[in-house]
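Values quoted throughout were computed directly from the atomic coordinates according to the rules given, and no laboratory measurement underlies them. Please read all numbers here as calculations on a predicted model, not as lab measurements. Note that we place each Cβ from the backbone using ideal geometry, even for glycine, and neighbour counts take in every protein chain shown.
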Amino acid sequence: MKKVFFALVASLTVLAAGAQVGKAASEATDAVQHKIDEKQAESKAKKSGPVGKAVNNVKSGYHKNRSKNSANKAKQSLKNAG
């Protein structure tokens, strides 16, 4: 009975770790997408007039912050998995 219980606990632990790794991968993907959006906004800001420049600089700042946040969440998920 104890062996079955420990096997069940071990399998649940593996499943939980796998979920954390999946979450980390998702967060890393989000971080990369925000970084791409940040660079696109910076590029558009260079080509825009004063109002477009201001709007795109705000967008760039937003995506920069979201990218950092997603990267930190990915790191934390990997720590939780290990």
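Going by how many other Cβ atoms sit within 10 Å of their own, how do S60, S43 line up, fewest first? It would help to have the intermediate numbers written out before the result.
Details: S60 19, S43 12.
By the 10 Å Cβ count, ascending, the order reads S43, S60.
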Aspartates and glutamates whose Cα lies under 12 Å from that of K64, excluding same-chain neighbours fewer than 8 positions away
D30, D37, E38, E42
